[in-house]
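The values are calculated or read from the model by the stated rules, or taken from the named source; none is laboratory data. The model shown is predicted, which means the values in this text are computed figures rather than measured ones. Here Cβ is always computed from backbone atoms with ideal geometry, including for glycine, and neighbour counts include all displayed protein chains.
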Amino acid sequence: MKQADIQVYGGAEIPDHPMVALLCSEKCPGKLILDTYDLAKLFRKQGVTVISGFHSPME
């Protein structure tokens, strides 16, 4: 079987990093928003890739 060539645009190493997917509601309590913001900062610090639809303010 012939191997296919793969072209990559962007960071080819991204799949090698930890990932998390976010699915958020447009309406949620303020404390949850603050907790999620803190979690996002932790993800950034730890190099976690975030996958999301980015349709709500928290995403």
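Are any residues in the range 18-42 over 17 Å from the mean Cα position of the chain (by Cα) and surrounded by 11 or more Cβ atoms within 10 Å (Cβ to Cβ), and if so, which ones? Within the range 18-42, CYS28, LEU32 qualify.
Of everything listed in (1) at pLDDT 85 or above; (2) within 19 Å of the chain's Cα centre (by Cα); (3) of a type outside the set (Phe, Trp, Tyr), the single unmet condition for PRO15 is (1). Among the residues that make up the range 43-56, is at least one of them in contact with a Ser or Thr (Cβ under 9 Å, 6 or more places away or on another chain), exposed (fewer than 10 other Cβ atoms within 10 Å of the Cβ) and modelled with pLDDT under 85? Within the range 43-56, not a single residue is in contact with a Ser or Thr (Cβ under 9 Å, 6 or more places away or on another chain), exposed (fewer than 10 other Cβ atoms within 10 Å of the Cβ) and modelled with pLDDT under 85. Pairs meeting the criteria (first residue in the range 35-58 and over 14 Å from VAL20 (Cα atoms), second residue of a type outside the set (Phe, Trp, Tyr), beta carbons under 6 Å, at least 6 apart or on different chains) are SER56/CYS24; SER56/GLU26; MET58/CYS24; MET58/THR36.
Residue count for the range 11-41 satisfying the condition of being in a loop (DSSP other than H, G, I, E, B) and either under 18 Å from GLY53 (Cβ atoms) or in contact with a Pro (Cβ under 7 Å, 6 or more places away or on another chain) (or both): 6.
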